[in-house]
Amino acid sequence: MKAVDALRGAMERGEFTVHAEFRSHAELLGLHGAFAASGSAGAPVIYLNRDWIDAGASQADITRVLVEEIGHAIDH
């Protein structure tokens, strides 16, 4: 539980942040989302497939992808 408390504290203090950026289907090699520990700005980033979203991805599907990628950020 100490790790969970530490993570929650970091989130509350604004020390745990992950940015999100849109990328094309081709850039993500068909993936709906991906996590990078160090994106183009040097900070953790979640990439979302803009083409998939524009093609009609449901809010539930987008939420599932975001939760999965946030999980990768937490693991990192």
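Do any trypsin sites (Lys or Arg not before Pro) in the range 5-76 lie in a DSSP loop with no more than 14 other beta carbon atoms within 10 Å, and if so, which?
Working: sites: Arg8, Arg13, Arg23, Arg50, Arg64; in loops: Arg13.
When the trypsin sites (Lys or Arg not before Pro) of the range 5-76 are filtered for loop state and at most 14 Cβ neighbours within 10 Å, Arg13 remain.
How long, wide and thick is the chain, going by the Cα atoms along their three principal axes, in whole angstroms, largest first?
The principal-axis extents, from largest down, are 41, 28, 17 Å.
Given a 1.4 Å probe and every protein chain left where it sits, what share in percent of the accessible area of the chain is carbon and sulfur? Write out the running numbers ahead of the final one.
Values: 2980 of 5220 Å².
Taking all protein chains in place, the chain shows 57 percent carbon and sulfur surface.
So how strong a dipole does the range 1-74 carry about its Cα centre when Lys and Arg Cβ are +1 and Asp and Glu Cβ are -1, to the nearest 20 debye?
On the way: 6 positive and 10 negative charges, 39 e Å.
That gives the range 1-74 a dipole magnitude of about 180 debye.
In degrees from 0 to 90, rounded to the nearest 10, what is the angle of the helix 59-75 Cα long axis to the longest principal axis of the chain?
40
When the chain is modelled as a GNM with alpha-carbon springs shorter than 10 Å, which of Ala36, Ala57, Ala20 fluctuates the most?
Taking springs between Cα atoms under 10 Å, the residue moving most is Ala57.
Counting other Cβ atoms within 10 Å, keep those with at most 11, restrict to DSSP loop, and tell me which GluC sites (Glu not before Pro) in the range 4-51 are left.
Of the GluC sites (Glu not before Pro), the ones in loops of the range 4-51 whose Cβ has at most 11 other Cβ atoms within 10 Å are Glu15.
Would you please give the residues with an amide H less than 5 Å from that of Ala20, counting only those at least 5 places away or on a separate chain, with H modeled from the backbone geometry?
Close amide H contacts, sequence-distant or interchain: Ile46.
Find the accessible area per residue for the range 19-76; the probe is 1.4 Å, ligands and nucleic acids are left out, and the unit is Å². Can you show the working numbers first?
Details: 3640 Å² over 58 residues.
Result: 63 Å² per residue.
As a test of the formula, what do you get for the chain when each DSSP H run with n ≥ 4 contributes -39,500 (n - 2.57) and the sum is divided by the residue count, at 222 nm and rounded to the nearest 500 deg cm²/dmol?
Working: 3 runs with 33 residues, N = 76.
About -13000 deg cm²/dmol.
The values are calculated or read from the model by the stated rules, or taken from the named source; none is laboratory data. As the structure is a prediction and not an experimental result, all values here were calculated from the model. Positions of Cβ are generated from backbone atoms using ideal geometry, with glycine treated the same way; all protein chains shown enter the neighbour counts. Surface areas here come from the heavy atoms of the whole protein model, side chains and all, with no ligands, DNA or RNA. Shrake-Rupley method; radii C 1.70, N 1.55, O 1.52, S 1.80 Å.
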